[in-house]
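Take a look at the structure set out below.
The values are calculated or read from the model by the stated rules, or taken from the named source; none is laboratory data. Note that the coordinates shown come from a computational prediction; the quantities given were computed from them, not determined experimentally. In this analysis, Cβ positions are derived from the backbone assuming ideal geometry, glycine residues included, and neighbour counts consider all displayed protein chains.
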Amino acid sequence: MSFKALLTNFTLLFILNACGGATNTTKDVNSTLTNPLFKQINIGFGASGAFPFMGNNGSAVWISSADLILNKNIGNNNTYQTIKNFNVAQFNILQTYLKNTKFVGYWFTKYWSTTWFNLSKIQKLMDNGYIPVFHYWYFGDTLQNHFPTGQEINDYHVNNAKLASFLAQLHGEFLIIMEPEFNKSVITNTATNQHNFATIIANAIDIIKKGNTQALFSLCMTDTGRRDASSIDPTCGYKNCALGDINAWDIPKIIYNDLSKKLDFVSFQEMVGQFHRNSLNPGSWNSPIPISSTDIGTGITFLPQRISNFSKYLSNKYNKPIFLPYVAIPTETWIDSNNDNVIQKSELNPVGWETQASNAYQGLMQRKQELLNNNLFGFSTISLFDDPQHDIGGYQYFINNEYHMGIIKTTAKDKVDKYPFGDIVFKGSIINTLFF
């Protein structure tokens, strides 16, 4: 055994002992399935406990998710009225919709800080019947490049203990989505890597669970399957590949099987855009190579049925409830009019996919009973508001479309304005469809 492996094992034992010793987090599947949460479809939104808006003085004014849901007079809040172009009427309308949500999404990244979160407001949401969904995205897109090293695993488990201590201050049920989008090729390309990654996550769950017995755990995969509606390939398992791709869905099965007794439910996420990095030739981290597709090529029309099919597939395979922690349908489109394979501002239409996004969410809501029959108990939008600076410096798979991931837009300019403005406009019929 290598020195790094010994160090990792030593640190893990230290953390577990410090937390009171290793704990058995084996789940009784039948007990898990009786949880009332899993008996109905609920909707939520992300991606933060508070959203920054441009203040009149150029600094950020933060609006908490708790206020967006619970503050019936949000439009009259003196602090929020300092937001640039603050639309009182629209925020009051938004509040009447969001009170009908169930899940509120939060993200813990590698360098998360306790100052990012207001525990008292999270607790207030919980006390009023809302459920926090904590996305623990520690390794993130670095999994594109390499399997975690011994030292990185060691650091991860130290971070697990920090998270466990922080969340232990909450009282009530919450969801923890372990390492969403984990199923990068470097993790799934060998059985050994899959087994090893499952061990990393299992140990992390043990550490966090020790002080948080009320937490429900999941592991979230990306739907990486083929989506072209014109692709009639029997190996996809459906009439066309836009309806599903069981070959891709089956790839991380070793990880899920290894974690079966640790997980309360199984998760997947959907992110579909008209343009993004070319998956076959993505370019470098800072110089992406774009590709755009037709509606047929993206399979966007079939997305609601694909989600239903995926839920049924996972439920049958793993005998667990199914959750969709976030759906992202960025609403900008790009047409490479001069065929130079470079995105120019004049080639972008920021509202080009609003109808497609609206129709997709409408299709999901029309299938609520079908989704529930397939053991899906809920889904959330990835973000509530467009962010003109989203993931700048990050991998930005959706390139310019990263700034159009929300279901509410403002007049803030992409990559120019630091924060969205207060002149919020609902995209299409999405808010009404999800939260009426």
Inset, instruction - Evaluate the following for ALA242: is it more than 30 Å from ASN35 (Cβ to Cβ), assigned to a helix (DSSP H, G or I) and either modelled with pLDDT under 95 or touching a Ser or Thr at 6+ places or on another chain (Cβ under 8 Å) (or both)? - result: yes
Inset, instruction - Kindly provide the set of residues from the stretch 386-417 that are assigned to a strand (DSSP E or B) and either of a type in the set (Val, Ile, Thr) or buried (at least 24 other Cβ atoms within 10 Å of the Cβ) (or both), ordered by number. - result: ILE408
Legend entry - Odd one out for PHE182 among (1) surrounded by fewer than 20 Cβ atoms within 10 Å (Cβ to Cβ); (2) in a loop (DSSP other than H, G, I, E, B): (1)
Inset, instruction - Output the number of residues of the stretch 254-287 satisfying the condition of being within 26 Å of ILE300 (Cα to Cα) and outside any loop (DSSP other than H, G, I, E, B). - result: 10
Inset, instruction - Scan LEU259, LEU314, LEU280 and give me the residue that is among the aliphatic types (A, V, I, L, M), under 21 Å from THR188 (Cβ atoms) and surrounded by fewer than 18 Cβ atoms within 10 Å (Cβ to Cβ). - result: LEU280
Inset, instruction - Considering only the stretch 128-141, state which residues are farther than 16 Å from SER64 by Cα and loosely packed, with under 15 Cβ neighbours inside 10 Å. - result: GLY129
Legend entry - Lone unmet requirement of (1) touching a helix residue (DSSP H, G or I) at 6+ places or on another chain (Cβ under 6 Å); (2) free of Cβ contacts under 8 Å to residues at least 60 places away in the same chain for LYS427: (2)
Legend entry - Residue list for the stretch 312-349, filter: within 21 Å of MET178 (Cβ to Cβ) and in contact with an Asp or Glu (Cβ under 9 Å, 6 or more places away or on another chain): TYR313, LYS317, LYS320, PRO321, LEU324, TYR326, VAL327, ALA328
Inset, instruction - Considering each of ILE74, ILE83, ILE43 in turn, give the residue that is surrounded by 17 or more Cβ atoms within 10 Å (Cβ to Cβ) and farther than 20 Å from THR410 by Cβ. - result: ILE43
